[in-house]
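Trainee: Pasting a structure here, questions to come.
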Amino acid sequence: MNFSSMEYFTVLAQERNFTRAAERLHITQQSLSSHIAGMEKELGSQLLIRHVPLELTYAGEVMLRYAAGFQKLHKEMQREFCDISRKQKGVLRVGVASTRGQMILPKTIALFQKSYPNISVELTEGSNGELHQKLLKGTIDLAIADFPENLPGISLTDLYREENVLVIEKGLFAKCFTSSAEEYKRQLLAGDYSALRECPFVLGGIEDIDGRIGRDLLRQAGVENPIVTAVSHNVGMLLQLSLCGVGACVCPQKIVQSVLTPQQMDSVWLFPLGMETGNCIQFGYQAQSYQWSVIEEFILCARTLV
(Lines give C-alpha, C1' and ligand atoms only; values in the text may rest on other atoms or scores of the structure.)
Protein backbone atom coordinates (compact mmCIF):
# COMPACT_ATOMS: atom_id res chain seq x y z
CA MET A 1 0.00 0.00 0.00
CA ASN A 2 1.27 3.52 -0.79
CA PHE A 3 0.19 7.14 -0.46
CA SER A 4 -1.51 7.04 -3.88
CA SER A 5 -3.74 4.18 -2.74
CA MET A 6 -4.72 6.15 0.35
CA GLU A 7 -5.52 9.22 -1.75
CA TYR A 8 -7.63 7.11 -4.11
CA PHE A 9 -9.55 5.58 -1.22
CA THR A 10 -10.11 8.99 0.43
CA VAL A 11 -11.50 10.52 -2.77
CA LEU A 12 -13.72 7.49 -3.36
CA ALA A 13 -15.02 7.76 0.21
CA GLN A 14 -15.87 11.42 -0.42
CA GLU A 15 -17.57 10.85 -3.78
CA ARG A 16 -19.22 7.48 -2.95
CA ASN A 17 -19.10 6.76 -6.68
CA PHE A 18 -16.35 5.06 -8.75
CA THR A 19 -17.03 7.10 -11.91
CA ARG A 20 -16.92 10.51 -10.22
CA ALA A 21 -13.90 9.57 -8.09
CA ALA A 22 -11.97 8.31 -11.13
CA GLU A 23 -12.74 11.52 -13.05
CA ARG A 24 -11.57 13.62 -10.11
CA LEU A 25 -8.35 11.57 -9.82
CA HIS A 26 -7.74 11.60 -13.60
CA ILE A 27 -7.43 7.80 -13.76
CA THR A 28 -9.62 5.10 -15.30
CA GLN A 29 -12.43 3.55 -13.32
CA GLN A 30 -10.79 0.13 -13.84
CA SER A 31 -7.51 1.38 -12.35
CA LEU A 32 -9.30 2.82 -9.33
CA SER A 33 -11.22 -0.40 -8.77
CA SER A 34 -7.98 -2.39 -8.95
CA HIS A 35 -6.31 -0.15 -6.35
CA ILE A 36 -9.23 -0.57 -3.93
CA ALA A 37 -9.35 -4.34 -4.48
CA GLY A 38 -5.60 -4.48 -3.80
CA MET A 39 -6.04 -2.57 -0.53
CA GLU A 40 -8.82 -4.93 0.56
CA LYS A 41 -6.66 -7.95 -0.23
CA GLU A 42 -3.66 -6.53 1.67
CA LEU A 43 -5.76 -5.59 4.71
CA GLY A 44 -7.83 -8.78 4.63
CA SER A 45 -10.99 -6.72 5.05
CA GLN A 46 -13.81 -5.47 2.85
CA LEU A 47 -13.73 -1.66 2.78
CA LEU A 48 -16.83 -0.96 0.68
CA ILE A 49 -20.36 -2.18 0.20
CA ARG A 50 -20.67 -1.88 -3.56
CA HIS A 51 -24.15 -0.54 -4.15
CA VAL A 52 -25.32 2.95 -5.23
CA PRO A 53 -24.24 5.07 -3.50
CA LEU A 54 -21.15 3.26 -2.18
CA GLU A 55 -21.13 2.65 1.56
CA LEU A 56 -18.10 2.25 3.83
CA THR A 57 -17.92 -0.81 6.03
CA TYR A 58 -16.65 -0.50 9.60
CA ALA A 59 -13.19 -1.44 8.26
CA GLY A 60 -13.60 1.25 5.61
CA GLU A 61 -14.34 3.88 8.25
CA VAL A 62 -11.21 2.83 10.17
CA MET A 63 -9.15 2.91 6.98
CA LEU A 64 -10.44 6.42 6.15
CA ARG A 65 -9.32 7.66 9.58
CA TYR A 66 -5.82 6.23 9.11
CA ALA A 67 -5.61 7.49 5.52
CA ALA A 68 -6.45 11.05 6.64
CA GLY A 69 -3.75 10.89 9.31
CA PHE A 70 -1.12 9.50 6.93
CA GLN A 71 -1.96 12.08 4.25
CA LYS A 72 -1.67 14.92 6.75
CA LEU A 73 1.75 13.69 7.94
CA HIS A 74 2.88 13.15 4.35
CA LYS A 75 1.94 16.72 3.41
CA GLU A 76 3.71 18.11 6.51
CA MET A 77 6.83 16.09 5.59
CA GLN A 78 6.82 17.37 1.99
CA ARG A 79 6.43 20.96 3.14
CA GLU A 80 9.16 20.71 5.76
CA PHE A 81 11.61 19.36 3.18
CA CYS A 82 10.61 22.18 0.81
CA ASP A 83 11.62 24.58 3.60
CA ILE A 84 14.88 22.70 4.23
CA SER A 85 15.85 22.62 0.55
CA ARG A 86 14.60 26.18 -0.03
CA LYS A 87 12.91 24.91 -3.19
CA GLN A 88 9.35 25.92 -2.49
CA LYS A 89 6.71 24.44 -4.76
CA GLY A 90 3.17 23.25 -4.46
CA VAL A 91 -0.31 24.65 -3.87
CA LEU A 92 -1.48 27.00 -1.11
CA ARG A 93 -5.25 26.71 -0.68
CA VAL A 94 -6.84 29.92 0.61
CA GLY A 95 -10.50 30.41 1.56
CA VAL A 96 -12.21 33.80 1.75
CA ALA A 97 -15.59 35.46 1.24
CA SER A 98 -15.99 36.67 -2.34
CA THR A 99 -16.07 40.46 -1.90
CA ARG A 100 -13.44 40.51 0.86
CA GLY A 101 -11.21 38.38 -1.36
CA GLN A 102 -11.51 40.86 -4.22
CA MET A 103 -10.45 43.61 -1.83
CA ILE A 104 -7.48 41.81 -0.23
CA LEU A 105 -6.10 39.11 -2.46
CA PRO A 106 -5.07 40.46 -5.89
CA LYS A 107 -2.26 42.65 -4.52
CA THR A 108 -1.38 40.10 -1.82
CA ILE A 109 -0.95 37.26 -4.34
CA ALA A 110 1.03 39.50 -6.70
CA LEU A 111 3.44 40.43 -3.88
CA PHE A 112 3.62 36.85 -2.58
CA GLN A 113 4.48 35.36 -5.98
CA LYS A 114 7.43 37.69 -6.46
CA SER A 115 9.16 35.59 -3.80
CA TYR A 116 7.34 32.30 -4.41
CA PRO A 117 6.78 31.95 -8.17
CA ASN A 118 6.45 28.16 -7.94
CA ILE A 119 3.62 28.23 -5.39
CA SER A 120 0.17 28.23 -6.98
CA VAL A 121 -2.57 29.89 -4.90
CA GLU A 122 -5.89 28.03 -5.14
CA LEU A 123 -8.82 30.19 -4.02
CA THR A 124 -12.06 28.94 -2.47
CA GLU A 125 -14.97 31.32 -1.79
CA GLY A 126 -17.57 30.77 0.89
CA SER A 127 -19.38 32.12 3.92
CA ASN A 128 -17.69 32.32 7.31
CA GLY A 129 -19.29 29.08 8.49
CA GLU A 130 -18.34 27.24 5.31
CA LEU A 131 -14.72 28.41 5.58
CA HIS A 132 -14.51 27.27 9.22
CA GLN A 133 -15.67 23.78 8.22
CA LYS A 134 -13.31 23.54 5.23
CA LEU A 135 -10.41 24.56 7.47
CA LEU A 136 -11.30 21.97 10.11
CA LYS A 137 -11.58 19.27 7.43
CA GLY A 138 -8.24 20.29 5.90
CA THR A 139 -9.62 21.07 2.43
CA ILE A 140 -8.08 24.55 2.65
CA ASP A 141 -4.79 25.59 4.29
CA LEU A 142 -5.68 29.14 5.22
CA ALA A 143 -8.96 31.01 5.80
CA ILE A 144 -9.52 34.76 5.98
CA ALA A 145 -12.62 35.26 8.07
CA ASP A 146 -14.26 36.30 11.32
CA PHE A 147 -13.64 33.47 13.80
CA PRO A 148 -15.21 32.52 17.13
CA GLU A 149 -12.88 32.94 20.11
CA ASN A 150 -12.16 29.23 20.33
CA LEU A 151 -12.15 26.96 17.29
CA PRO A 152 -10.45 23.71 18.40
CA GLY A 153 -7.27 22.89 16.49
CA ILE A 154 -7.14 26.25 14.70
CA SER A 155 -4.44 28.92 15.18
CA LEU A 156 -5.36 32.56 14.51
CA THR A 157 -3.43 35.64 13.38
CA ASP A 158 -5.06 39.09 13.24
CA LEU A 159 -5.28 40.81 9.84
CA TYR A 160 -7.28 43.98 10.55
CA ARG A 161 -10.13 45.41 12.59
CA GLU A 162 -13.32 45.82 10.54
CA GLU A 163 -15.70 48.69 11.31
CA ASN A 164 -19.24 48.54 9.96
CA VAL A 165 -21.52 51.22 8.48
CA LEU A 166 -25.18 51.53 7.60
CA VAL A 167 -25.55 52.26 3.88
CA ILE A 168 -28.74 54.03 2.65
CA GLU A 169 -29.23 55.32 -0.88
CA LYS A 170 -30.14 59.02 -0.72
CA GLY A 171 -33.35 58.64 -2.73
CA LEU A 172 -34.54 55.83 -0.44
CA PHE A 173 -33.65 57.93 2.60
CA ALA A 174 -35.71 60.86 1.30
CA LYS A 175 -38.64 58.52 0.56
CA CYS A 176 -38.58 56.89 4.01
CA PHE A 177 -38.06 60.10 5.95
CA THR A 178 -40.12 62.61 3.98
CA SER A 179 -40.45 64.94 6.94
CA SER A 180 -37.61 66.07 9.18
CA ALA A 181 -34.98 64.20 7.15
CA GLU A 182 -32.18 66.20 8.78
CA GLU A 183 -33.50 65.32 12.23
CA TYR A 184 -33.54 61.60 11.36
CA LYS A 185 -30.03 61.91 10.00
CA ARG A 186 -28.87 63.41 13.31
CA GLN A 187 -30.58 60.56 15.20
CA LEU A 188 -28.82 57.92 13.12
CA LEU A 189 -25.45 59.64 13.50
CA ALA A 190 -26.09 59.72 17.26
CA GLY A 191 -26.77 55.96 17.29
CA ASP A 192 -30.57 56.08 17.58
CA TYR A 193 -31.80 53.53 15.04
CA SER A 194 -35.43 53.25 16.15
CA ALA A 195 -36.63 55.18 13.07
CA LEU A 196 -35.41 52.33 10.83
CA ARG A 197 -38.66 50.41 11.34
CA GLU A 198 -39.97 52.38 8.35
CA CYS A 199 -36.94 51.62 6.17
CA PRO A 200 -36.61 48.48 4.01
CA PHE A 201 -33.43 46.42 4.38
CA VAL A 202 -31.33 44.04 2.32
CA LEU A 203 -29.58 41.71 4.76
CA GLY A 204 -26.86 39.08 4.82
CA GLY A 205 -27.68 35.56 5.95
CA ILE A 206 -27.98 34.79 9.64
CA GLU A 207 -24.55 33.09 9.62
CA ASP A 208 -22.90 36.04 7.80
CA ILE A 209 -21.09 38.77 9.74
CA ASP A 210 -23.10 41.62 8.20
CA GLY A 211 -26.35 39.65 8.52
CA ARG A 212 -25.73 39.00 12.21
CA ILE A 213 -24.73 42.61 12.94
CA GLY A 214 -27.68 44.03 10.99
CA ARG A 215 -30.23 41.88 12.80
CA ASP A 216 -28.68 42.63 16.20
CA LEU A 217 -28.72 46.36 15.41
CA LEU A 218 -32.42 46.32 14.50
CA ARG A 219 -33.40 44.15 17.45
CA GLN A 220 -31.57 46.43 19.91
CA ALA A 221 -33.33 49.42 18.34
CA GLY A 222 -36.70 47.78 19.02
CA VAL A 223 -37.34 46.91 15.36
CA GLU A 224 -38.63 43.38 15.88
CA ASN A 225 -40.12 42.89 12.41
CA PRO A 226 -37.91 44.75 9.94
CA ILE A 227 -38.94 45.18 6.31
CA VAL A 228 -36.56 42.80 4.48
CA THR A 229 -36.73 43.07 0.69
CA ALA A 230 -33.77 40.78 -0.16
CA VAL A 231 -31.27 38.43 1.49
CA SER A 232 -27.85 37.52 0.07
CA HIS A 233 -24.63 35.92 1.34
CA ASN A 234 -22.65 38.20 -0.99
CA VAL A 235 -21.95 41.61 0.54
CA GLY A 236 -21.08 42.99 -2.90
CA MET A 237 -24.60 42.09 -4.06
CA LEU A 238 -26.08 43.76 -0.97
CA LEU A 239 -24.20 46.95 -1.82
CA GLN A 240 -25.45 46.90 -5.41
CA LEU A 241 -29.02 46.38 -4.21
CA SER A 242 -28.62 49.31 -1.82
CA LEU A 243 -27.33 51.51 -4.65
CA CYS A 244 -30.54 50.72 -6.55
CA GLY A 245 -32.65 51.84 -3.57
CA VAL A 246 -33.93 48.33 -2.79
CA GLY A 247 -33.04 48.66 0.89
CA ALA A 248 -30.48 49.82 3.43
CA CYS A 249 -27.66 47.43 4.29
CA VAL A 250 -24.97 46.91 6.91
CA CYS A 251 -21.50 46.54 5.41
CA PRO A 252 -17.83 46.73 6.46
CA GLN A 253 -16.54 50.25 5.79
CA LYS A 254 -13.37 48.94 4.12
CA ILE A 255 -15.45 46.99 1.61
CA VAL A 256 -17.70 49.98 0.88
CA GLN A 257 -14.66 52.15 0.19
CA SER A 258 -13.06 49.42 -1.93
CA VAL A 259 -16.11 48.49 -4.03
CA LEU A 260 -17.95 51.78 -4.63
CA THR A 261 -16.75 54.42 -7.08
CA PRO A 262 -16.57 58.10 -5.96
CA GLN A 263 -19.79 58.73 -7.92
CA GLN A 264 -21.54 55.85 -6.16
CA MET A 265 -20.27 57.04 -2.78
CA ASP A 266 -21.95 60.39 -3.47
CA SER A 267 -25.29 58.63 -3.98
CA VAL A 268 -25.49 57.09 -0.50
CA TRP A 269 -25.46 58.11 3.15
CA LEU A 270 -23.04 56.23 5.40
CA PHE A 271 -23.74 56.04 9.12
CA PRO A 272 -20.93 54.60 11.31
CA LEU A 273 -22.26 51.91 13.64
CA GLY A 274 -19.68 52.31 16.40
CA MET A 275 -16.78 50.28 17.72
CA GLU A 276 -19.06 47.78 19.47
CA THR A 277 -20.30 46.46 16.12
CA GLY A 278 -16.78 45.96 14.80
CA ASN A 279 -15.14 42.59 14.33
CA CYS A 280 -11.63 41.27 13.80
CA ILE A 281 -10.77 39.67 10.47
CA GLN A 282 -8.17 36.96 11.03
CA PHE A 283 -6.16 34.31 9.28
CA GLY A 284 -7.02 30.83 10.50
CA TYR A 285 -4.88 27.74 9.87
CA GLN A 286 -4.64 24.28 11.38
CA ALA A 287 -2.31 24.00 14.37
CA GLN A 288 0.29 21.42 13.28
CA SER A 289 3.52 19.93 14.55
CA TYR A 290 5.29 21.62 11.63
CA GLN A 291 3.94 24.80 10.06
CA TRP A 292 4.83 25.43 6.42
CA SER A 293 6.79 28.69 6.14
CA VAL A 294 4.82 29.58 2.99
CA ILE A 295 1.70 30.12 5.12
CA GLU A 296 3.57 32.56 7.36
CA GLU A 297 4.95 34.42 4.32
CA PHE A 298 1.51 34.74 2.72
CA ILE A 299 0.13 36.19 5.97
CA LEU A 300 3.05 38.63 6.15
CA CYS A 301 2.37 39.83 2.57
CA ALA A 302 -1.29 40.45 3.35
CA ARG A 303 -0.55 42.31 6.59
CA THR A 304 2.00 44.47 4.78
CA LEU A 305 -0.64 45.68 2.32
CA VAL A 306 -3.66 46.16 4.60
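The values are calculated or read from the model by the stated rules, or taken from the named source; none is laboratory data. These numbers were taken from a predicted model, which means no experiment stands behind them. In this analysis, Cβ positions are derived from the backbone assuming ideal geometry, glycine residues included, and neighbour counts consider all displayed protein chains. Note: accessible area is taken over every heavy atom of the protein model, side chains too, but ligands, DNA and RNA are not part of it. Shrake-Rupley method; radii C 1.70, N 1.55, O 1.52, S 1.80 Å.
Trainee: Taking only the alpha-carbon positions of the stretch 105-258 and ignoring solvent, what does the Debye formula give for the base-10 log of I(q)/I(0) at q = 0.21 Å⁻¹?
Mentor: The computed values of log10 I(q)/I(0) come out as -1.37.
Trainee: What ranking of His51, His35, His132 comes out by heavy-atom accessible area, probe 1.4 Å, highest first?
Mentor: His51, His35, His132
Trainee: May I pose another question? For a distance above 18 Å, tell me the whole-number percent of Cα pairs in the stretch 9-129 that qualify.
Mentor: The share of Cα pairs beyond 18 Å in the stretch 9-129 comes to 67 percent.
Trainee: Positive end of the charge dipole of the chain (Lys, Arg +1 and Asp, Glu -1 on Cβ, about the Cα centre): tell me which of Ala59, Leu159, Gly204 has its Cα farthest that way.
Mentor: My answer, from the dipole projection, is Ala59.
Trainee: Given the options Thr178, Thr28, Thr277, state which has the largest fluctuation in a GNM of the chain using a 10 Å cut-off (strictly under) for Cα springs.
Mentor: Thr28
Trainee: To continue, here is another question. Under a Cβ-only charge scheme (Lys and Arg +1, Asp and Glu -1), can you give me the dipole magnitude of the chain about the Cα centre, in debye to the nearest 20?
Mentor: Roughly 660 debye for the chain.
Trainee: Right, here's the next one. Given the stretch 171-306 reduced to its alpha-carbon atoms as identical point scatterers, what log10 I(q)/I(0) does the Debye formula return at q = 0.13, 0.21, 0.22 Å⁻¹?
Mentor: -0.64, -1.37, -1.48
Trainee: Mind ranking His74, His26 by accessible surface for me, highest first, 1.4 Å probe? The partial results should precede the final answer.
Mentor: On the way: His74 45, His26 165 Å².
Largest to smallest exposure gives the sequence His26, His74.
Trainee: Using only helices, what value at 222 nm comes out for the chain when you add -39,500 (n - 2.57) per DSSP H run of length 4 or more and divide by the total residues, to the nearest 500 deg cm²/dmol?
Mentor: Computed ellipticity for the chain at 222 nm equals -15500 deg cm²/dmol.
Trainee: Also: What FRET efficiency comes out for the pair Met265/Val52, r = Cβ-Cβ distance, R0 = 45 Å, nearest 0.05?
Mentor: 0.25
Trainee: Could I ask something else about it? At a Förster distance of 35 Å, what's the computed FRET efficiency of Lys114 paired with Leu73, Cβ-Cβ distance as r, to 0.05?
Mentor: That gives a FRET efficiency of 0.65.
Trainee: Here's a follow-up. For the chain, set up a Gaussian network in which alpha carbons nearer than 10 Å are linked by springs, and say which option among Gln253, Gln286, Gln113 fluctuates the most.
Mentor: Per the Cα network of the chain with a 10 Å cutoff, Gln113 tops the list.
Trainee: Compare Gln240, Gln133, Gln30 in a GNM of the chain, Cα atoms joined below 10 Å, and give the one with the largest fluctuation.
Mentor: Maximum among the listed residues: Gln30.
Trainee: I would also like to ask the following. For Cys244 and Tyr290 in one chain, what is 0.36 nm times their gap in residues minus the Cα-Cα distance, to one decimal in nm? Write down the numbers at each step before the final one.
Mentor: Working: separation 46, 0.36 × 46 = 16.56 nm, distance 4.96 nm.
Full extension from Cys244 to Tyr290 adds 11.6 nm.
Trainee: Then there's this: What FRET efficiency would be calculated for the residue pair Ser179, Glu207, taking the C-beta separation as r and a Förster radius of 41 Å, to the nearest 0.05?
Mentor: Efficiency computed from Cβ-Cβ geometry: 0.60.
Trainee: So, how do all the Cα-to-Cα distances of the chain break down into 10 Å bins, in percent, from 0 on up?
Mentor: 5, 22, 24, 20, 15, 9, 3, 1, 0
Trainee: Turning to a different aspect of this structure: For the stretch 161-306, what is the percent of antiparallel DSSP beta bridges, rounded to the nearest 5? Don't skip to the answer; put the middle values down first.
Mentor: Values: 11 of 16 bridges.
Counting DSSP beta bridges with both partners in the stretch 161-306, the antiparallel share is about 70 percent.
Trainee: Quick one: which residues, 5+ away or cross-chain, put their amide H under 5 Å from the amide H of Val121? H built at 1.01 Å from N.
Mentor: Placed amide hydrogens put Leu92 under 5 Å from Val121.
Trainee: How big is the gap, in Å, between the Cα center of the stretch 241-288 and the Cα center of the stretch 1-78?
Mentor: Each part reduced to its Cα centre gives a spacing of 44 Å.
Trainee: Now a separate question. With all protein chains present, calculate the accessible area of Cys244 using a 1.4 Å probe and round the result to the nearest 10 Å².
Mentor: Solvent-accessible area, nearest 10 Å²: 110 Å².
Trainee: Long-range amide H contacts for Ala248: which residues qualify at under 5 Å (H placed 1.01 Å from N, peptide plane, sequence gap of 5 or more or a different chain)?
Mentor: Long-range HN contacts for Ala248: Phe201, Val202.
Trainee: Now, a different point. At what distance in nm do the modelled label points of Gln29 and Met275 sit from each other, each positioned 7 Å from its Cα along Cα→Cβ?
Mentor: Here the answer is 6.3 nm between the modelled labels.
Trainee: Heavy atoms only, 1.4 Å probe, whole protein assembly: order Tyr193, Tyr58 by accessible area, highest first.
Mentor: Largest to smallest exposure gives the sequence Tyr58, Tyr193.
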